[in-house]
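Q: One structure, as structure tokens, below. Some questions next.
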Amino acid sequence: MTETVHNWEDHGYLATYIKKNGSFANLRIHPHGLVLVDLQSYNDHTKGREETDQLLNKVEERMKEFFHGNLKRVKRLPAILRGGVIDRYWPTADGRLVEYDIDEVVYDEDSPFQNIKILHSKQFGNILILSGDVNLAESDLAYTRAIMGSGKEDYTGKEVLILGGGDGGILYEIVKLKPKMVTMVLIEDCIPVLKRYAKEGRMFDYVINDLTAVPISTSPEEDSTWEFLRLILDLSMKVLKQDGKYFTQGNCINLTDALTLYEEQLSRLYCPVEFSKEIVCVPSYMELYP
């Protein structure tokens, strides 16, 4: 291996080791005692990954010998596989990296509006991913039930307006409950449709908003998504009967500031509203969602 060493009095030590096949390792020792070892190699077969694991086992053993048993903790992270045909890594709303058990690309195309992927997961079934954002999976009936009121609502003979719901799950579940009418905005922009309904005086018992999650931004005055959310809220209230109900999704429960900002928007509507929230676990999100 070719070795390159950097040493800084106040910032620790860095060594880089490069093999002829292009594999390399970085050894970084920080002044406060943290030691990091990163190994990168090109392995496109199981045998290569096994060899990497064996090498890391030896490195770990040597580190324990070198520090004479004074290591407080050793933590090895799973390998991140880059550049594969199947991308298995997707960030959660609060910035954590999650690896999915993806074994097949079912569909991958660009529409005029976004990239559309359907990936198959051994655990969650087919997962719909829109422009890099995990949308919904076959495993996620909990999401659909929650945004419909968690089985507490009687839709029989009621008029229901669904905004979004592109995966079809909400429409399917609602229709089974025999409402009077379901109005589904499929391709049209929902904003002019809502404005038209408001002008015509058309009113609904339920409005289910499955357009977008609460924005993660904490600067609502500067984020166009917040403006869109406020506009949809306001227009939805204008087509909702006085005793009607409005259901929508939140976002990852860890985004406390953004969720609080959303609740503040409810107090700014032209009409007073009461609200409640429920937290559910959406399997493929690997997050709790209010």
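Q: GluC sites (Glu not before Pro) within the stretch 188-239: which are DSSP loop residues with at most 14 other Cβ atoms inside 10 Å?
A: Sites meeting the loop and neighbour criteria: E188, E221, E222.
Q: Using alpha-carbon pairs under 8 Å, 6+ residues apart, how would you state the relative contact order of the chain in percent?
A: 11 percent
Q: Something else about it: Restricting to Cα atoms and excluding each atom paired with itself, what does the Kirkwood estimate give for the chain in Å?
A: This gives a value of 23.1 Å.
Q: Taking +1 at the Cβ of each Lys and Arg and -1 at the Cβ of each Asp and Glu, which of L240, V182, V59 sits farthest along the dipole of the chain towards its positive end, judged by Cα position relative to the Cα centre?
A: Farthest towards the positive end: V59.
Q: Determine the percent antiparallel among the DSSP beta bridges restricted to the chain, to the nearest 5.
A: The antiparallel proportion sits near 75 percent.
Q: Quick check: convex hull of the Cα atoms in the stretch 30-156, volume per residue, rounded to a whole Å³?
A: 205 Å³
Q: To continue, here is another question. I need the calculated FRET efficiency for the pair D10 and E60, taking r as the beta carbon distance and R₀ as 35 Å, to the nearest 0.05.
A: My answer for the efficiency is 0.80.
Q: Dividing the convex hull volume of the alpha carbon atoms of the stretch 141-214 by its residue count, what do you get in Å³ per residue?
A: Hull volume normalised by residue count: 95 Å³.
Q: Obtain the nm distance between the two label points defined at K195 and K241 by a simple spin-label model: each point lies 7 Å from its Cα along the Cα-to-C-beta direction.
A: 2.7 nm
Q: Classify the stretch 2-67: rounded, prolate or oblate, from the alpha-carbon gyration tensor (a ≥ b ≥ c, eigenvalue square roots; a/c under 1.5 rounded; otherwise prolate if a/b is larger than b/c)?
A: Oblate.
Q: Under 12 Å between alpha carbons, and skipping anything fewer than 8 positions from K245 in its own chain: which aspartates and glutamates qualify?
A: Hits, sequence-local ones excluded: E153, D154, E159, D205, E274.
Q: So which trypsin sites (Lys or Arg not before Pro) in the stretch 8-109 end up in coil per DSSP with only 12 or fewer other C-beta atoms within 10 Å?
A: In loop regions of the stretch 8-109 (DSSP not H, G, I, E or B), the sparsely surrounded trypsin sites (Lys or Arg not before Pro) are K19, K20, K72, R73, K75, R76, R82, R96.
Q: Please report, in debye to the nearest 20, how large the charge dipole of the stretch 24-168 is about its Cα centre when each Lys and Arg carries +1 at its beta carbon and each Asp and Glu carries -1 there.
A: Result for the stretch 24-168 is approximately 980 debye, rounded to the nearest 20.
Q: Give the relative contact order (percent, whole number) for the stretch 2-67; include only Cα pairs under 8 Å separated by 6+ residues.
A: 19 percent
Q: Which residue, chosen from F113, L77, G33, occupies the Cα position most advanced towards the positive end of the dipole of the stretch 17-123, where the dipole is computed from +1 (Lys, Arg) and -1 (Asp, Glu) charges on Cβ about the Cα centre?
A: So the residue we want is G33.
Q: Using a 7 Å offset from Cα along Cα-Cβ at C271, what residues in the stretch 236-265 end up with backbone N under 14 Å from the label point?
A: Counting backbone N atoms under 14 Å from the label point, the list is 236-247.
Q: Now for a separate question. Quick one: with all protein chains in place, what share of the accessible area of the stretch 2-67 is carbon or sulfur, to the nearest percent (1.4 Å probe)?
A: That fraction is 51 percent.
Q: May I pose another question? Just name one of V134, F228, S276: the one whose Cα is farthest towards the positive end of the charge dipole of the chain (beta-carbon charges, Lys/Arg +1, Asp/Glu -1).
A: S276
Q: Rounded to the nearest 500 deg cm²/dmol, what is the calculated helix-only ellipticity per residue at 222 nm for the chain, with -39500 (n - 2.57) per DSSP H run of length n ≥ 4?
A: Value at 222 nm, helices only, nearest 500: -8000 deg cm²/dmol.
Q: Report the relative contact order of the stretch 140-289, percent, no decimals, based on alpha-carbon pairs under 8 angstrom and at least 6 residues apart.
A: Normalised by residue count, the contact order of the stretch 140-289 is 26 percent.
Q: Next question, about the same structure. With every protein chain kept in place and ligands, DNA and RNA left out, what is the accessible area per residue of the chain? Probe 1.4 Å, answer in Å².
A: 64 Å²
Q: OK, next. As an exercise, identify the trypsin sites (Lys or Arg not before Pro) in the stretch 125-203 lying in DSSP coil whose Cβ has no more than 16 other Cβ atoms within 10 Å.
A: K152, K180, R202
Q: About the Cα centre of the chain, how large is the charge dipole given +1 on each Lys and Arg Cβ and -1 on each Asp and Glu Cβ? Please answer in debye to the nearest 20.
A: Dipole magnitude for the chain comes out near 420 debye.
Q: Go ahead and run the numbers for FRET between K178 and I80, Cβ-Cβ distance against an R0 of 45 Å, rounding to 0.05.
A: 0.40
Q: Within the chain, which is the longest segment containing none of the chymotrypsin sites (Phe, Trp or Tyr not before Pro) that sit in a DSSP loop and have at most 14 other Cβ atoms within 10 Å?
A: Here the longest segment lacking exposed loop sites spans 114-269.
Q: Rounded to the nearest whole Å³, what is the per residue volume of the convex hull around the Cα atoms of the stretch 145-290?
A: Cα-based convex hull of the stretch 145-290, divided per residue, equals 117 Å³.
Q: Residues in the stretch 83-97 near a label at S139, defined as backbone nitrogen under 20 Å from the 7 Å Cα→Cβ point?
A: Inside the label zone: 86-97.
Q: Dividing the alpha-carbon Rg of the stretch 75-142 by 2.2 N^0.38 Å yields what?
A: 1.16
The values are calculated or read from the model by the stated rules, or taken from the named source; none is laboratory data. This structure is a prediction, so every number in the text was calculated from the model and none was measured. When we count neighbours, we look across all protein chains shown, and the Cβ atoms used for this are built from the backbone with ideal geometry, even at glycine. SASA here: full protein model, heavy atoms, side chains in, ligands and nucleic acids out. Shrake-Rupley method; radii C 1.70, N 1.55, O 1.52, S 1.80 Å.
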